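Worksheet for the structure shown next.
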Amino acid sequence: MQQMTPRRDPAPSRWSYRYERWMLTPAYRRLFRYGPPVLVVAAIVGGVLASAERREWINDTYHSYLRQFQQRPEFMVSAMSIDGADERITEEVRASLPIDFPVSSFDLDLEGMRQTVEALNGVQKATLRVQPGGILNIEVVPRIPAAVLRQDEELRLIDAQGHFVAALGARSDRADLPLIAGDGARDQIAEALALFTAAGPLAPQILGLVRMGERRWDVILDQDRRILLPEQNAVTALERVVVMVQAQRLLERDVLVVDMRNEDRPTLRLGEGGVTEIRRINAAVAGTGR
Amino acid sequence: MKQLYATQRAMRNMRKAALQRGLIAILDVGTSKVACLILRFDGPERYRDSDGVGSMAGQSQFRIIGAATTKSRGMRFGEIDAMQETERAIRTAVQSAQKMAGVPVNHVIACLSGARPRSYGLEGAVDIHGEVVTDADIGRVLAACDMPDFGEGRETLHAHPINFTLDHRGGMADPRGHAGRRLSTDLHLLTVEGQVMQNLVHCIRRCDLELAGLASSAYVSGISALIEDELEMGAACIDMGGGSTGLSIFMKKHMIFADSVRLGGEHVTSDISMGLQVPGAMAERIKTFYGGVIATGVDDREMIEIKGDTGDWHHDRRTVTRAELIGIMRPRVEEILEDVRAQLDAAGFDSMPSKSIVLTGGASQIPGLESLASRILGHQVRMGRPMRVAGLPQSTTGPAFAASVGLALFAANPQDEWWDFDVPSVSYPARSIRRAIHWIKTNW
């Protein structure tokens, strides 16, 4: 029997034709290719994260796994070693880093610890690293005291940059270091040290340097004598004094003050005996003596 | 006339816009099939390495990325008979071509195969204003052509300036820049029935497509099937389609005449169907498998089984000899060729310097047609196939697709037509000035 139902029309209907054209538009093709997967993934993620319990559970699980990983023996630090510091500084460093070993190296804040150690008075620079074998190694470069500063009736050790190193009980404990005093002396430590170097043969007689009026130095010698240095070119002036001392045996005479503040004209203030003597000589020379 | 100028201009602009976007579809709505090709324009020489197809007369700047063919529905004599059916066929072809290309197309260039084309040769002459001929002069001389009365309801499809004469120098292809005083031109005008054109335009609009050009199928198959020498020296292209046979004569790369015979391969099929009392689809099958036009002795012994499904055993088990089949086909093919001959004679093809004839189109594939055609049309007959273009599927390279490929070439670089030149506005319409004054009055 012949089939009597009409054959299906192969032509697309108007609407299916339009739909096909619409779906071929590049923007829509992209939308339908990437849109549904993104939506599905977003819906799943959103659904899971919707309840606070699950969020907490995810957070806890994540952190427990993180801890578990960080607590592995490979990452544990069990000891601290301090290099390059004397006993006192070592004690200070240990006291400043209260770590209860063993601890995971992930929990160590090396940068913060470095700043803590460098904030100590006796430490100039510190390098921290975790060595293989679980040892926290701290390499300390200590501050080297370069002078003794007398301030507010206290003695302090300071380094060449003027930083405080430690307190000092008595001057005789560090008699090898020069003594400086006066307001603003600490800021000009570099010049003070240069003056001590320039003193040369004068050094045994120098008791210390005093900053006067926060602008210039006085060199205090034994027997209450002083050398007054100018504000500018203090080192040169001191060198001139040294030359005068060597050439004219200046300090063997009765001189109380060598005033170098006017660099064109060094001035001497004599002691009582010296003044009497020079007046006698002047009178004899002038022929007006008694 | 003004309106036609405007619509053709709009179509040219749309074509330019489509080329800018790089995508255009061509639609060949014929009587037996609807073909749709989708072209992508990416600039010249892009696919040379991958395809091995070199630049062919500068036509290789496009590539065919989608091609589809479907059986035509609702068409007779190359004209739309049942609009809904034709629309469905167009939708089918366009949709599957789009599917192959993977992109939707919005602009389409179509061709008309029927619609009773009629050729006119027009003349016009003007004095040129300046020293040398400019674009404006060409526009003026084209506008100066005296329009013949080509009847009610007919519309211009092509208007090619084919020849320019400047003073006494004739046969110029492009007079721009030449010095002279009087410029005259020959214009080839092709008119078709307006309603047939309107129907096609309406059909395409209903498929949500924009029309970016219309061409005569005889013209475009000439472009694709004739080689450059033939276009230059003069040749006729005969596009034997399903419902109508198109005819175009080319000379100096311009079409100088076009016409159509309202007979084609479908008539041969219907003759076989009537003669052998078989259904049309069966007759088409017998024609394509066993058809021919020259009978030889062996054809008397070659028996063709005619199957049928009427239920009558004797009726379904008949056989015919191939000679009988040829006896049915040959008179109809002869009739077509003789009608073509008559039109060629009417066009004065005999006085052409070169009388070569190229047969193309689906119905030209009948075996033996070449010798029959040379007997009727003259000795210089050859079978033509369309030019190779990049990306065309193998199944669509046959002579049946001459018009489709020609349309693709037409889309890539069309010849200058009348509406490509600015026509001078001789009389400025007084109404618009009045309207402007009115606007100023009301707004200030």
Out of all the residues in the range A:74-84, is one or more in the same structural domain as A:Val117 (by TED's automatic domain parsing), in a loop (DSSP other than H, G, I, E, B), surrounded by 10 or more Cβ atoms within 10 Å (Cβ to Cβ) and among the small types (Gly, Ala, Ser)?
yes
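Okay, residues lined up against (1) buried (at least 24 other Cβ atoms within 10 Å of the Cβ); (2) more than 14 Å from chain A (Cβ to nearest Cβ):
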site: B:Leu209; (1), (2): no, no
site: B:Ala225; (1), (2): yes, yes
site: B:Leu231; (1), (2): no, yes
site: B:Ile249; (1), (2): yes, yes
site: B:Ile256; (1), (2): no, yes
site: B:Thr288; (1), (2): no, yes
site: B:Ala295; (1), (2): no, yes
From A:Leu193, A:Leu128, A:Leu177, grab the single residue that is outside any helix (DSSP H, G or I), free of Cβ contacts under 8 Å to residues at least 60 places away in the same chain, over 30 Å from A:Val77 (Cβ atoms) and aliphatic (A, V, I, L, M).
A:Leu177
Is at least one residue of the range A:236-250 under 27 Å from A:Gln161 (Cβ atoms) and not hydrophobic (A, V, I, L, M, F, W, C)?
yes
For the range B:104-119, state whether one or more residues are in contact with a helix residue (DSSP H, G or I) (Cβ under 8 Å, 6 or more places away or on another chain), surrounded by fewer than 18 Cβ atoms within 10 Å (Cβ to Cβ) and either aliphatic (A, V, I, L, M) or within 14 Å of another protein chain (Cβ to nearest Cβ) (or both).
yes
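Matching residues to (1) of a type in the set (Asp, Glu); (2) over 24 Å from A:Thr267 (Cα atoms); (3) outside the structural domain of A:Arg253 (by TED's automatic domain parsing); (4) more than 29 Å from the chain's Cα centre (by Cα):
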| site | (1), (2), (3), (4) |
| --- | --- |
| A:Asp176 | yes, yes, no, no |
| A:Gly184 | no, yes, no, no |
| A:Ile189 | no, yes, no, no |
| A:Ala194 | no, no, no, no |
| A:Gly200 | no, no, no, yes |
| A:Glu214 | yes, no, no, no |
| A:Ile220 | no, no, no, yes |
Checklist (1) more than 30 Å from B:Glu131 (Cα to Cα); (2) modelled with pLDDT under 90; (3) away from chain A (no Cβ under 14 Å) applied to B:Ala179, failing item:
(1)
Condition test on A:Glu91, is it out of contact with any Gly (no Cβ under 7 Å at 6 or more places or on another chain), closer than 21 Å to A:Glu118 by Cα and loosely packed, with under 10 Cβ neighbours inside 10 Å?
no
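Residue-wise test of (1) out of contact with any Lys or Arg (no Cβ under 8 Å at 6 or more places or on another chain); (2) over 30 Å from B:Leu377 (Cα atoms); (3) modelled with pLDDT under 90; (4) polar (S, T, N, Q).
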site	(1), (2), (3), (4)
B:Thr269	no, no, no, yes
B:Val320	yes, yes, no, no
B:Gly327	yes, no, no, no
B:Pro331	yes, no, no, no
For B:Asp137, are the conditions met, namely being more than 14 Å from chain A (Cβ to nearest Cβ), of a type in the set (D, E, K, R), surrounded by 22 or more Cβ atoms within 10 Å (Cβ to Cβ) and touching a strand residue (DSSP E or B) at 6+ places or on another chain (Cβ under 7 Å)?
yes
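From the list B:Asp186, B:Asp229, which residue is of a type in the set (D, E, K, R), in contact (Cβ under 8 Å) with a residue 12 or more places away in the chain and either over 30 Å from B:Glu324 (Cα atoms) or not assigned by TED's automatic domain parsing to the domain that holds B:Cys145 (or both)?
B:Asp186
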Please go through the range A:51-71 and pick out each residue that is of a type outside the set (S, T, N, Q) and surrounded by fewer than 10 Cβ atoms within 10 Å (Cβ to Cβ).
A:Ala52, A:Glu53
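Output the residues belonging to the range A:146-202 that are among the β-branched types (Val, Ile, Thr), in contact with a helix residue (DSSP H, G or I) (Cβ under 7 Å, 6 or more places away or on another chain) and within 14 Å of A:Ala234 (Cβ to Cβ). Talk me through it step by step, then tell me what you get.
Within the range A:146-202, the subset among the β-branched types (Val, Ile, Thr) is A:148, A:158, A:165, A:180, A:189, A:197.
With in contact with a helix residue (DSSP H, G or I) (Cβ under 7 Å, 6 or more places away or on another chain) added as a condition, the list becomes A:148, A:158, A:180.
Correct list: A:Ile180 only.
Just to be sure, is A:Arg240 under 22 Å from A:Pro204 (Cβ atoms), of a type in the set (Lys, Arg) and part of a helix (DSSP H, G or I)?
Numbers: under 22 Å from A:Pro204 (Cβ atoms): yes; of a type in the set (Lys, Arg): yes; part of a helix (DSSP H, G or I): yes.
Yes: the conditions hold for A:Arg240.
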Residue hits (the range B:304-324; among the hydrophobic types (A, V, I, L, M, F, W, C) and surrounded by fewer than 11 Cβ atoms within 10 Å (Cβ to Cβ)) are B:Trp313
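This table checks each residue for (1) in contact with a helix residue (DSSP H, G or I) (Cβ under 7 Å, 6 or more places away or on another chain); (2) more than 7 Å from chain B (Cβ to nearest Cβ); (3) loosely packed, with under 10 Cβ neighbours inside 10 Å; (4) under 18 Å from B:Val105 (Cα atoms).
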| site | (1), (2), (3), (4) |
| --- | --- |
| A:Arg7 | no, yes, yes, no |
| A:Pro10 | yes, no, no, no |
| A:Trp15 | no, yes, yes, yes |
| A:Tyr19 | no, yes, no, yes |
| A:Trp22 | yes, yes, no, yes |
| A:Thr25 | no, no, no, yes |
| A:Arg30 | no, yes, no, yes |
| A:Gly35 | no, yes, no, no |
| A:Val41 | no, yes, no, no |
Give the residue, chosen from A:Arg143, A:Arg129, that is exposed (fewer than 14 other Cβ atoms within 10 Å of the Cβ) and within 24 Å of the chain's Cα centre (by Cα).
A:Arg129
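Within the range A:91-120, count every residue that is part of a helix (DSSP H, G or I) and free of Cβ contacts under 8 Å to residues at least 12 places away in the same chain. Reasoning before the result, please.
To start, the set of residues in the range A:91-120 that are part of a helix (DSSP H, G or I) comprises A:91-96, A:105-107, A:110-118.
From the residues that got through so far, the ones that are free of Cβ contacts under 8 Å to residues at least 12 places away in the same chain too are A:91, A:95, A:111-112, A:115, A:118.
The total comes to 6.
Residues B:Ala125, B:Ala97: which one is small (Gly, Ala, Ser), in contact (Cβ under 8 Å) with a residue 40 or more places away in the chain and in contact with a helix residue (DSSP H, G or I) (Cβ under 9 Å, 6 or more places away or on another chain)? Break it down into steps so the answer makes sense when it comes.
Numbers: B:Ala97 fails: in contact with a helix residue (DSSP H, G or I) (Cβ under 9 Å, 6 or more places away or on another chain).
Step by step, each of B:Ala125, B:Ala97 is checked, and only B:Ala125 is small (Gly, Ala, Ser), in contact (Cβ under 8 Å) with a residue 40 or more places away in the chain and in contact with a helix residue (DSSP H, G or I) (Cβ under 9 Å, 6 or more places away or on another chain).
For the range B:79-89, name all the residues that are within 23 Å of A:Glu20 (Cβ to Cβ) and either touching a Lys or Arg at 6+ places or on another chain (Cβ under 6 Å) or more than 9 Å from chain A (Cβ to nearest Cβ) (or both). I'd like the intermediate steps shown before the answer.
Our first condition is that a residue be within 23 Å of A:Glu20 (Cβ to Cβ); within the range B:79-89, this holds for B:83-89.
Residues satisfying the conditions are B:Met83, B:Gln84, B:Glu85, B:Thr86, B:Glu87, B:Ala89.
The values are calculated or read from the model by the stated rules, or taken from the named source; none is laboratory data. Treat the numbers as computed from the prediction; the structure is a model and nothing was measured. As a convention, Cβ positions derive from the backbone with ideal geometry for all residues, glycine included, and neighbour counts pool all protein chains shown.
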